[in-house]
Amino acid sequence: MGEFFYRPENAYVGDVIPYFEDGVFKLFYLHGWRENDREGLDHGWYLIETKDFVAYQERGACKIEGGTGHILRVDGIYHMFYCIFPPGEQLVCHAISNDLKVWESTPEDTFAADDRIYELSDWRDPYVFWNEEEGQYWMLLAALAKGPTNRKGCTALLSSKDLKTWEYREPLYAPNLHVGAHECPDLFRIGDWWYLIYSSYTGRFATFYRMSRSLDGPWLTPGEDTFDGRAFYAAKSVSDGQSRYLFGWNPTKNDDLFGWNPPNSRGKDYNSWDWGGNLIVHEIVQRADGTLGVKVPDTVDQAFSHPLSVHYESITGDWHITDRKLSCMSPYSFAGCLSLEELPNQCKISASVSFSEYTQGVGFMLRMQDTLDEAYYVTLEPQRNRLTFRGKIMQSEEGGKTFPYEVELERPIELIPDRSYEIKVLIDGSICEIYINNDIAMSARMYDIPRGKLGMFVSQGHGQFSDVRIEERT
């Protein structure tokens with residue numbers, strides 16, 4: 001069985017440029033060949049189509065050599081805006097099509113940054129939309145504004161009446177937060193709120209969002225301003241008219257593309273993140289206060305609906321186990337239980353988890369070995385209001401010597417005693433996608449333990465797991 005989360009054969013998914021039409025998500029993406037690159041292969045934009053984020057049809061190369069951009073349709077003509085990278089500068093390019101398949105570039109529309117406002121070195125990832133209030137098109141770009149320090153990453157702004165001649169304007173959003181440009185900008189409205197999305201690889205490596213009642217700002221930073229963690233990047237969104245979906249990639253750790261792997265690495269889990277990987281789709285959810293969360297799309301969730309018969313045994317601690325309900329009171333120690341059966345290579349794990357006051361940790365052990373240390377730990381930490389992911393190295397002395405940080409991945413989440421938290425974990429080979437309460441997501445990778453069992457644990461407290469299920473693809 002092939003990978004569930006889409007990746008092209010012998011290549012990788014880079015930045016996704018989503019477009020929706022006639023019930024079909026047409027997902028243009030940057031095709032990353034890596035070690036499979038050889039002379040004669042097509043590069044640049046490729047196209048896949050899907051209706052459900054489960055089955056994908058490959059439509060091949062678009063014959064466009066360039067970086068991330070945007071697609072829009074005006075008066076029956078499709079317009080593609082993208083970027084190219086000649087030495088010393090970056091340029092925005094324009095191409096048109098009648099069918100989304102054959103594209104004709106318009107070289108006369110190519111333009112660089114205005115170096116009175118922006119740096120020439122960062123001018124990429126155009127996003128174009130019709131601003132109804134102004135009666136003209138707006139283009140957003142990943143850019144660097146002129147400034148006295150290197151903290152000048154911004155979302156540049158241009159306007160046009162004909163999609164050919166563009167007026168340079170002051171940045172839409174320039175907070176002086178990031179040393180690098182605000183990559184892959186995206187903009188949309190839900191109800192009374194406008195949302196600006198961008199990705200950054202400096203300071204924090206993630207896809208961020210800002211919110212405003214007006215395109216004129218101010219652009220507010222919510223309490224948690226990201227959709228996922230380090231292993232989800234360059235996300236852009238599109239709506240099907242009912243729901244809005246966010247398309248990013250879960251990076252691999254295969255190829256040391258940037259030369260940052262530890263010289264004495266003992267496995268891929270210790271390696272640095274590559275550029276590109278597998279396509280991951282989150283569904284965006286607007287909360288009552290206007291802030292945004294994400295959930296697993298229903299079609300992806302429902303693709304794993306064949307339940308497995310699983311039995312559990314206590315390894316340490318006094319566990320009460322009945323059918324799909326497990327609980328343990330362990331106020332002063334660590335307690336764990338284990339399934340008798342191994343986890344499938346592709347599966348969904350789900351449960352309703354609750355814990356008592358003062359509990360230090362509760363969660364899943366993925367691909368667990370009988371020793372209760374070699375596993376991937378997905379942990380709710382109520383005392384710190386966070387969700388964490390740790391591999392087996394973090395359970396050993398080597399972990400403390402190797403990593404300069406305490407956990408590999410974490411996401412903030414408000415954790416309240418005696419409240420139920422619905423957890424779903426989707427596993428696809430090395431890929432791990434974690435969702436909580438249809439609101440929080442965390443992407444991860446699991447390389448060095450290829451198989452194992454499902455464990456549940458409680459650390460210094462009381463934990464209860466209800467309706468525990470392991471389901472395979474239907």
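Computed from the coordinates by the stated procedures, all read-outs in this text should not be read as laboratory data. The shown structure was predicted, so the numbers you read here are calculated from the model rather than taken from an experiment. All Cβ positions, even for glycine, are placed from backbone atoms using ideal geometry, and neighbour counts span all protein chains on display.
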Q | Sites N254 and S420 - FRET efficiency at Förster radius 35 Å, r taken between beta-carbons, to 0.05 | A | 0.40
Q: Highest first, please rank the peptides 193-204, 81-92 by the mean number of other Cβ atoms sitting within 10 Å of their residues.
A: 193-204, 81-92
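Which whole-number percent is the relative contact order of the chain (Cα, under 8 Å, 6+ apart)?
Numbers: 1245 pairs, mean separation 55.6, N = 474.
About 12 percent, as a whole number.
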(Q) Give me the base-10 log of I(q)/I(0) for the stretch 284-424 at each q in 0.09, 0.12, 0.20 Å⁻¹, Debye formula, one uniform scatterer per Cα, rounded to two decimals. (A) -0.32, -0.59, -1.54
Q.
Once each part is reduced to its C-alpha centroid, what is the distance from the stretch 342-401 to the stretch 216-269 in angstrom?
A. 22
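Round to the nearest 0.05 the FRET efficiency obtained for R384 and R451 when R0 = 22 Å and r is the Cβ-Cβ distance.
Efficiency, rounded to the nearest 0.05: 0.10.
Please list 208-221, 431-444, 278-291 highest first by mean number of surrounding beta-carbon atoms within 10 Å per residue. Numbers along the way, then the final one.
Numbers: 208-221: 15.8, 431-444: 22.3, 278-291: 18.4.
Packing order, densest peptide first, comes out as 431-444, 278-291, 208-221.
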